[in-house]
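Participant: Here it is, the structure in full.
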Amino acid sequence: MFKKIRYVMAIETAKCVGCGACVFACKQENDVPVGFARDWVEQEVHGTYPVLSMENRSQRCQHCDRPPCVYACPTGASHVGPGGITLVDGDLCTGCKACIAACPYDARYVTSRGVVDKCTFCAHRVAQGMEPACVAVCPTSCLHFGDANDPNGEVAGLLATRRHRRQKTHLGTEPQLYWLD
Amino acid sequence: MSAKHAFSRRTFLSLSAAVAASAAAWPALRPARPVRGSILEPGMTATHSFCEICFWKCGIDVWKNAEGRVVQITGQAGHPLSNGRLCPRGTGGMGQLYDPDRIRQPMLRRGDTWQTVSWDEALGFTAERMQALKARHGAESMATITHGTGAGFIRHLMQAYGASTFSAPSYAQCRGPRDVAFELTFGAGAGSPEITDIENATFMVFLGTHLGENMHNTQVQEFARAVGRGTELVVVDPRFSVAAGKARYWLPIKPGTDLALLLAWMRLLLDEGTYNKPFVERHCVGLEPLRAALTPYTPEWAYTQTGIDPAVIREIGRKLGMHGPTALIHPGRRTNWYGDDTQRVRAVAILNALLGNWGHRGGFFSGHRINLGKVATPPYPPTRKALDALARRHWPLADEIPTQFLRDHTLAGDDPAIKGWMVYGTDLLNNIPDKDKTIATLKSLELLVVIDVLPIELTGWADVVLPEATYLERYDDLHAPTWKVPYVALRQPVVEPLYDSKPAWWMARQLGRRLGLDAWFPWNDVEEYLQARLRTAGLSLAELRRDGTHVQQAPPPYTDAPRFNTPSGKVELFSTRLKALGFDPVPVFTPPSEAPPGFFRLLIGRAPVHSFGRTTNNRVLGELMPENVLWVNAIAAREFGLAPGQAVRLVNQDGVRSRPIKVKVTERIRPDCVYMVHGFGRDTEKMAFANGRGTADNDLLTRVHTDPIMGATSTNTNFVTIERKASA
């Protein structure tokens, strides 16, 4: 039976050094204005000197299966695209920021033109069989993108064999960024 | 609607049907219109080249849009150092190309003012003054200080002119101690790029090496693969670096005591007989004298120096022995820390030798390179190399002239008198300690020629400033280093030089003509030069322009019959050469000096989005990191009453005050140290973005120990206290 395509990102935080190459690559590929970013790096440190741990995370829109931004959008600008990619149609966006209030992952911003923007998983590249710009640039290869429903695909393999977690699952948003342990 | 929002809802609906009908892995997501700036935007073209934002020289693809503007830089797929991936600095390289503060025209000093002039006038002036200097004091009175790929052309010019004094701060202010130590031990340096097989190591020790913050692309790629595979990592660093965050063992060592730790590990390997006996028997000399010299260095003794639990020292030492030749003690790169650095890195080299990892998979690989021929020119005029000899009188194994020595010698006016400096791509006021002395020297020069892209502070002292085209606007010499696979990469212009800037090769060629040195330039255009060199390897420029990089097949870069270019032809565990010169033939530990009460040891390092001062004015990169901050341990911050983000000044042991810097309160550093990223604190309005952002560590480096073996100047020997008021 044909299975729907479900684009996800699986991220190996153990490899990530938090260098920010993903941020620059995204900004250039998507012409993101100065002062904004569609992806960013979080560095979380636990403990007190000298017993410490650290995790680096390349963050972006989680392309939720149950996206609160889409539910909150009064105009239909925020919508779910093919493969489950959450997108914003700038033509329909009025800049009301309901989606920003609804997003638990702080993934959206308002551009100077007054419309909301965010990560698209580089849908325009994916359409051409390319990886998102952040995935392509990453010196550590810690980002993996693909169809989780393709049993022969890389991400399906990673999700099947590696322990993973997602963020804020208690909110029921079904985020599609998987953090591999 | 902007092109950023590439999908309209209508398109989505029609696409959904297409998706349902297709079982392809990638559905036909078609954007309603091209995404602006994307490499998929119509009219976008890519040019292959290699990067110059740092010295790693990764292959890049530079993307130009239909208007001819460089909008993206990505990793070149076929280049062995980038493998299609790129670090943040390289990705933001166009920030240098489009830096509005670039030097736009040649400039001449006229009394107290600058005059912008034509190239004809600038080069005419330079050549005339160089000739005058030669006539008055001899060609050897002109010294050359360089860094970067274009330097080769400038050095060639200056050698043809008859100059004999060449220096680069990348020696005594960076990797010199490491290279000398490895030469002494193995008869070969650790290379650039380093010949470390990180990817295949099963156990690694980093001493201060902060890969991940230090973004040498290939090393980071290999490091991540190793981490992903579960390679055990030991990070010895007073700071909880990103690498430490991935380590099985983080050893927050007392700064300056790494040698004690290394000696204890060596002794443990010998005591327990877990060193690589076949390798040592076959390839090393001096085992017994080494063993004898190591007697005092037990883990318990090392604990008293380093503060590291002897049980942990033992545990790691045993693991080193267990992993043997696939364990790697990383040689580091910038190793001028305490003034006894050659001996510390000697210990790194000896420990690696005891593991037997030279030439071994997972150790130091035995690389390949394409040997490109040179373009034939007459021999250079004979010179006395007087300053090299003088430098060696101070530091017997200085195989380059330490730049601070060139400065001191110039200022003192000692024989042979140095009256002129040709400076290419070298940020001397931010990388040589004792800035006041450097300024006094600059004032004393009869001729200072500065070639640079940006109006760095140094240009303010020049007689003539020659604006160089950036790496995206110029050809440079070919790059064919020793690596796992042999390759040659091309740098070629992506866009025409902006403003009135010119490539180094062009300046060298033109000055060559004006100085009557045409015989040394049997080419008019760099393309002829490159073509001639490529021909020697059976390659063509057209081919390389198309492919960017030419990679050759080669056997795996490992050998079980390594050769050592040392006096004994073997790895020298005990160095007879050092002994003959009166130095310790086996490293001997001396404790570092202690901070006065209320002072912290000042440590410096790197950040992933910057290459020292070269990028701090790069507005693309600056968006992510516009300034450096001062790392202060949380307990120390409490004691000093410091709040996160508070601006403070540092005052060093000699009373030198820094410019303001903001505090980062963190658990990630020892309470007795503070840390900042090098390269910030620009002090010139001409670099409008960087000016006044953050603090220059170099201002605070007034207490310098010089490595007695090769002349490197220490950085970590300075102590600072924190002044809570940032106002003047």
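The values are calculated or read from the model by the stated rules, or taken from the named source; none is laboratory data. The structure presented is a predicted model; accordingly, all values stated were derived computationally and were not measured. Virtual Cβ from ideal backbone geometry, glycine too; neighbours counted across all protein chains shown. The area values use the complete protein model at the heavy-atom level, side chains included, leaving out ligands, DNA and RNA. Shrake-Rupley method; radii C 1.70, N 1.55, O 1.52, S 1.80 Å.
Participant: Go through B:ALA542, B:ALA440, B:ALA519, B:ALA537 for me and flag whichever is farther than 23 Å from B:GLN96 by Cα, of a type in the set (A, V, I, L, M), surrounded by fewer than 19 Cβ atoms within 10 Å (Cβ to Cβ) and without any contact (Cβ under 8 Å) to a residue 12 or more places away in the chain.
Facilitator: B:ALA542
Participant: Please specify each residue of region B:680-718 satisfying the condition of being among the β-branched types (Val, Ile, Thr), out of contact with any helix residue (DSSP H, G or I) (no Cβ under 6 Å at 6 or more places or on another chain) and either in the same structural domain as B:TRP461 (by TED's automatic domain parsing) or assigned to a strand (DSSP E or B) (or both).
Facilitator: B:THR706 - this is the single residue of region B:680-718 that is among the β-branched types (Val, Ile, Thr), out of contact with any helix residue (DSSP H, G or I) (no Cβ under 6 Å at 6 or more places or on another chain) and either in the same structural domain as B:TRP461 (by TED's automatic domain parsing) or assigned to a strand (DSSP E or B) (or both).
Participant: Identify the single condition in (1) more than 22 Å from the chain's Cα centre (by Cα); (2) open to solvent by less than 10 Å² (accessible area, probe 1.4 Å); (3) hydrophobic (A, V, I, L, M, F, W, C) that B:MET215 does not satisfy, given that it satisfies every other one.
Facilitator: Result: B:MET215 fails condition (1) only.
Participant: Go over the candidates B:VAL651, B:VAL663 one by one and state the one that is closer than 22 Å to B:ASP436 by Cα, β-branched (Val, Ile, Thr) and outside any loop (DSSP other than H, G, I, E, B).
Facilitator: Among B:VAL651, B:VAL663, only B:VAL651 is closer than 22 Å to B:ASP436 by Cα, β-branched (Val, Ile, Thr) and outside any loop (DSSP other than H, G, I, E, B).
Participant: Sticking with this structure for a sec: Tell me which residues, restricted to region A:4-49, are hydroxyl-bearing (Ser, Thr, Tyr) and more than 18 Å from A:TYR105 (Cβ to Cβ).
Facilitator: If the condition is that a residue be hydroxyl-bearing (Ser, Thr, Tyr) and more than 18 Å from A:TYR105 (Cβ to Cβ), then A:THR48, A:TYR49 are the ones that fit.
Participant: Could you tell me how many of the residues in region B:233-272 are away from every other protein chain (no Cβ under 13 Å), touching a residue at least 12 places away in the same chain (Cβ under 8 Å) and not aliphatic (A, V, I, L, M)?
Facilitator: Final tally of qualifying residues: 7.
Participant: I've got another one for you. If you scan region A:53-66, which residues turn out to be hydrophobic (A, V, I, L, M, F, W, C) and outside any strand (DSSP E or B)?
Facilitator: Pass one, region A:53-66, residues hydrophobic (A, V, I, L, M, F, W, C): A:54, A:61, A:64.
Hits for region A:53-66 are A:CYS61, A:CYS64.
Participant: Show me the strands (runs of 3 or more DSSP E) found entirely inside region B:123-210 where at least 3 residues are buried (at least 24 other Cβ atoms within 10 Å of the Cβ) and hydrophobic (A, V, I, L, M, F, W, C). So that I can check it myself, show each step before the final result.
Facilitator: Details: elements: B:142-146, B:165-167, B:203-207.
Here the list reads B:142-146, B:203-207.
Participant: Within region B:586-632, can you find the residues that are more than 14 Å from chain A (Cβ to nearest Cβ), over 17 Å from the mean Cα position of the chain (by Cα) and open to solvent by 30 Å² or more (accessible area, probe 1.4 Å)?
Facilitator: Result: B:VAL588, B:THR590, B:PRO591, B:SER593, B:GLU594, B:ALA595, B:PRO596, B:PRO597, B:GLY598, B:PHE599, B:GLU627.
Participant: Might you check whether a residue that is closer than 24 Å to B:THR335 by Cα and at pLDDT 95 or above occurs anywhere in region B:271-292?
Facilitator: Here is the first cut: in region B:271-292, the residues closer than 24 Å to B:THR335 by Cα are B:290.
Next cut, at pLDDT 95 or above only: B:290.
Yes - at least one qualifying residue is present in region B:271-292.
Participant: For region A:112-164, what are the residues that are without any contact (Cβ under 8 Å) to a residue 24 or more places away in the chain, facing another protein chain (nearest Cβ under 9 Å) and touching an Asp or Glu at 6+ places or on another chain (Cβ under 8 Å)?
Facilitator: Correct list: A:GLY153 only.
Participant: Still on this structure, I have one more. Would you point out the residue of region A:53-73, among those that are facing another protein chain (nearest Cβ under 8 Å) and surrounded by 17 or more Cβ atoms within 10 Å (Cβ to Cβ), that is farthest from B:ALA636 (Cα to Cα)? It would help to see each step written out before you state the result.
Facilitator: Let us first name the residues in region A:53-73 that are facing another protein chain (nearest Cβ under 8 Å), namely A:53-56.
With the extra rule that they be surrounded by 17 or more Cβ atoms within 10 Å (Cβ to Cβ), the set shrinks to A:54, A:56.
Numbers: A:MET54: 21, A:ASN56: 25 Å.
It comes out as A:ASN56.
Participant: Does region B:196-232 hold any residues that are away from chain A (no Cβ under 13 Å) and at positive phi, and which are they?
Facilitator: Within region B:196-232, just B:GLY208 meets the criteria.
Participant: Right, here's the next one. Might you check whether a residue that is of a type in the set (S, T, N, Q) and surrounded by 24 or more Cβ atoms within 10 Å (Cβ to Cβ) occurs anywhere in region B:245-268?
Facilitator: No; the residues of region B:245-268 include none that is of a type in the set (S, T, N, Q) and surrounded by 24 or more Cβ atoms within 10 Å (Cβ to Cβ).
Participant: What number of residues in region B:522-534 are assigned to a helix (DSSP H, G or I) and open to solvent by 10 Å² or more (accessible area, probe 1.4 Å)? Can you show your working first?
Facilitator: Quick first cut of region B:522-534, residues assigned to a helix (DSSP H, G or I) only: B:526-534.
Subsequent filtering for residues that are open to solvent by 10 Å² or more (accessible area, probe 1.4 Å) retains B:527-529, B:531-533.
Qualifying residue count, region B:522-534: 6.
Participant: Against the conditions (1) buried (at least 24 other Cβ atoms within 10 Å of the Cβ); (2) more than 7 Å from chain B (Cβ to nearest Cβ), where does A:GLY81 fall short? Just the number, please.
Facilitator: Here A:GLY81 meets the rest and fails (2).
Participant: Right, here's the next one. Within region A:1-52, take every residue that is facing another protein chain (nearest Cβ under 7 Å) and assigned to a strand (DSSP E or B) and give me the one that is least open to solvent (accessible area, probe 1.4 Å).
Facilitator: Narrowing region A:1-52 to residues facing another protein chain (nearest Cβ under 7 Å): A:2, A:5, A:12, A:14-15, A:17-21, A:23-25, A:28-31, A:34, A:45, A:47-50, A:52.
Pick out the ones that are also assigned to a strand (DSSP E or B) and you get A:12, A:45, A:47-48, A:52.
Details: A:GLU12: 12, A:VAL45: 56, A:GLY47: 47, A:THR48: 85, A:LEU52: 30 Å².
Filtering region A:1-52 for residues that are facing another protein chain (nearest Cβ under 7 Å) and assigned to a strand (DSSP E or B), the one least open to solvent (accessible area, probe 1.4 Å) comes out as A:GLU12.
Participant: For B:ALA504, state whether it is open to solvent by 10 Å² or more (accessible area, probe 1.4 Å), touching a residue at least 12 places away in the same chain (Cβ under 8 Å), outside the structural domain of B:ASP197 (by TED's automatic domain parsing) and small (Gly, Ala, Ser).
Facilitator: no
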